[in-house]
Amino acid sequence: MRSQSIAAALSLGSAALALHDQFPINTDVGETGVRPLDDVAILNPGHTYGVSSNSEQWKFDENPPENATGNLIFDTVHSLLQHWPNTRYRNGHNIVPGVIPIGTLLYHGTNGSHMIPNEPEWTATDPEHAIFFSRGNGTGWLLTLAATRPLEVLYFDGNSAAKLFEGMMDIQDIISWGEPRPERFFDEKHRIDALCTWGKEFGIDGFVRMEMSFEVMLCDFTAGVEVVSFVHITLPRDDRSFPLSTSPDPNTLIRTFEVLHSGLWHNRYPGDSRIVLDLTGLISLYDTALAPSLVSVRAGLERCDHRILGISSDDISRVVRKLIEVITRPHPVGSGIDWKTLIHVIVDRYADRLELTQYLLNVTSSDRQELLERAKLTQTQLRVMLTPYLLHSTAIPSAGTSGIYSSQWASPIFSLCARTHTSQIANFKPLMTSSELLLLKAVEDTTREICRVTTKMWAVGVMSGLDTLFPIELDGELDVTQIMNDWRQNIQKLMSWLDWNVWIKCRPACGPEEMCYLSTWPINTPRPEGPLQSPRNSQNLANSPEAQYVTDRVAQPRYPTVPAEDWSLPQPRCIRRLQPYGF
């Protein structure tokens, strides 16, 4: 370990010296206005315009590979512990170690027992979620616990506590059963016992999942927690009992809504911050080196249909080995880079501006003057995004320039834009874990594509005479309709590839008595008529060996369901926060 640290330090020292040579420190007190970045782009001498010496690496027509997953890793990491994106894409692909800090409260509801559980059980991070399970007519018990030491946990992303066979539990099944077992989607008691038995050897206190809100599968109620209170609370009538009600009692609906409401508190970044994740130990099943068998499984599928089912046994073994390696390594490890903040900074920087650019391009007018004004506004937004990278040394070719040089002159800007967030931290590679190297690649892939598309669009605008900061004389009339159509396709393709959940919202915004909502398990789950059928075949579950796994031991009222297409990829809609709710 010591020799590795010395080697890493020497490597970082060499990198620092190289940077010093590239950008010497100004020691002249009286000198101002130094512009070292002007020299970043090396222009071809003897030309009126130049192309970066490494322009082969920065081709504007080089799209991401078809099976690239850097954008998916980037977005799923940005979405960790957030309710909204994990409701939209329910099938998780990440296992992340973390801790629950000292003093954090956890809640456990019972419907009559005043006994602290002596076996693994479920706790909630919000009391509304726990109270939902204090089933009873008039009263229930609520146990409140506080962490007395950092609790070691593993987090499964996605809607990983939704009891369905569609893929939500695939990744935890790898740990529980050694393979995805969709027919055991309701076998929660065996699942929590299997997870806690496996985790005991490694000092794992619990497992974090998302149901309607976030929960912790707590393995031992006497280890690392103490009782804050265990109180008998007054509750309204609970209508979740046989026979199933076709019109739930209003008080039952209030309790149901408040669970959903508490989950929505964690909709956006930073999500449920009571769980502190360690991204240096991230395990992503979108990592094609870790799980190459899933590349062909995902091929041709929409993102909402991605799941772990179909992973090879070799890949499962590799995933489990890496997970054990992560949770048994000495602390601390890694580079010290704040990956969570870095990724969020990039989303913050581009999300709103890309959305505004898309809005400006969403015009159906055929009036040339109106289109020209929109094109100029769009060009300004593109330039605003790229302003930190507009090198003063940039030389614009003449309007008649064609072929590669009509846009490739902007490759130094593309390069600087794409590398700014990562070029310096790349010097810390010797200190990075394999998870951090994966994150670095995901950030590089994502920023490269954002910068490739926006710089190309901006360069087209410059060459079309749309940029007042870079005026050029046009030889003929501008085909503004074609430019707007091309730009619209460019921005739509980029935003679809990024697929950031910050763009999924209610339009227009909801009123004060409403909140924005995505169809959620178990409220809006499509329910087949008649007896439940096995996910494996059409045999009636009542006669199948799997019946013990999938029997819903607590009946749910028949809430309104939604169309199948809205369930597979939920669309935001406003629902009432007051009765009648409408969810």
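The values are calculated or read from the model by the stated rules, or taken from the named source; none is laboratory data. Predicted, not measured: the structure shown is a model, and the values here were computed from it. Cβ coordinates were reconstructed from backbone atoms using ideal geometry, including for glycine residues, and neighbour counts include every protein chain displayed. Ligands, DNA and RNA are excluded from the accessible area calculation, which covers all protein heavy atoms including side chains. Shrake-Rupley method; radii C 1.70, N 1.55, O 1.52, S 1.80 Å.
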Residue count for the stretch 165-197, restricted to those that are in a loop (DSSP other than H, G, I, E, B) and touching a Phe, Trp or Tyr at 6+ places or on another chain (Cβ under 9 Å) = 8
Regarding I131, is this residue under 26 Å from E325 (Cα atoms), more than 25 Å from the chain's Cα centre (by Cα), of a type in the set (A, V, I, L, M, F, W, C) and open to solvent by 10 Å² or more (accessible area, probe 1.4 Å)?
-> no
Are there any pairs, at least 6 apart or on different chains, whose C-beta atoms fall under 9 Å, with the first in the stretch 483-506 and closer than 13 Å to P85 by Cα and surrounded by 15 or more Cβ atoms within 10 Å (Cβ to Cβ) and the second among the basic types (K, R) and at pLDDT 95 or above, and if so, which?
-> D499/R303; N501/R88; N501/R268; V502/R268; I504/R88
Do you know which of the residues in the stretch 176-197 that are of a type in the set (D, E) and open to solvent by 40 Å² or more (accessible area, probe 1.4 Å) is nearest to I311 (Cα to Cα)?
-> E179
Scan (1) within 20 Å of the chain's Cα centre (by Cα); (2) open to solvent by 20 Å² or more (accessible area, probe 1.4 Å); (3) of a type outside the set (A, V, I, L, M, F, W, C) for the single condition G281 breaks and write down its number.
-> (2)
Of the listed residues (V51, V77), the one being at pLDDT 50 or above and open to solvent by less than 40 Å² (accessible area, probe 1.4 Å) is V77
Of the residues that sit in the stretch 102-124 and are open to solvent by 60 Å² or more (accessible area, probe 1.4 Å) and modelled with pLDDT under 95, which one is farthest from D205 (Cα to Cα)?
-> N111
Is it true that D315 is of a type outside the set (F, W, Y), within 22 Å of the chain's Cα centre (by Cα), closer than 30 Å to I171 by Cα and crowded, with 16+ Cβ neighbours inside 10 Å?
-> no
Out of all the residues in the stretch 279-332, which are of a type in the set (S, T, N, Q) and farther than 13 Å from A68 by Cα?
-> T280, S284, S293, S312, S313, S317, T328
Scan S464, S435, S407 and give me the residue that is buried (at least 20 other Cβ atoms within 10 Å of the Cβ), closer than 17 Å to T394 by Cβ and touching a helix residue (DSSP H, G or I) at 6+ places or on another chain (Cβ under 8 Å).
-> S407
Taking the stretch 228-243, which residues are under 35 Å from the mean Cα position of the chain (by Cα), hydrophobic (A, V, I, L, M, F, W, C) and at pLDDT below 85?
-> none
Can you pull out the residues in the stretch 467-482 that are touching a Gly at 6+ places or on another chain (Cβ under 7 Å) and surrounded by 13 or more Cβ atoms within 10 Å (Cβ to Cβ)?
-> D467, I472, L478
Go over the candidates E166, E152 one by one and state the one that is in contact with a strand residue (DSSP E or B) (Cβ under 7 Å, 6 or more places away or on another chain) and open to solvent by 40 Å² or more (accessible area, probe 1.4 Å).
-> E152
Only one of these is more than 30 Å from F202 (Cβ to Cβ) and aliphatic (A, V, I, L, M): L282, L277, L301. Name it.
-> L301
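Each row is one residue, and each column tells you yes or no for (1) at pLDDT 95 or above; (2) in contact with a His (Cβ under 9 Å, 6 or more places away or on another chain); (3) part of a loop (DSSP other than H, G, I, E, B); (4) surrounded by fewer than 15 Cβ atoms within 10 Å (Cβ to Cβ).
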{"position": "G199", "(1), (2), (3), (4)": "yes, no, no, no"}
{"position": "F202", "(1), (2), (3), (4)": "yes, no, yes, yes"}
{"position": "V208", "(1), (2), (3), (4)": "yes, no, no, no"}
{"position": "D220", "(1), (2), (3), (4)": "yes, no, yes, no"}
{"position": "E226", "(1), (2), (3), (4)": "yes, no, no, yes"}
{"position": "S245", "(1), (2), (3), (4)": "no, no, yes, no"}
{"position": "R255", "(1), (2), (3), (4)": "no, no, no, no"}
Among residues belonging to the stretch 323-338 that are out of contact with any Ser or Thr (no Cβ under 8 Å at 6 or more places or on another chain) and assigned to a helix (DSSP H, G or I), point out the one that is least open to solvent (accessible area, probe 1.4 Å).
-> L323
If you scan the stretch 302-339, which residues turn out to be touching a Pro at 6+ places or on another chain (Cβ under 8 Å) and aliphatic (A, V, I, L, M)?
-> I308, L309, I311, V326, I327
Here the residues within the stretch 374-389 that are open to solvent by 40 Å² or more (accessible area, probe 1.4 Å) and among the hydrophobic types (A, V, I, L, M, F, W, C) are L377, V384
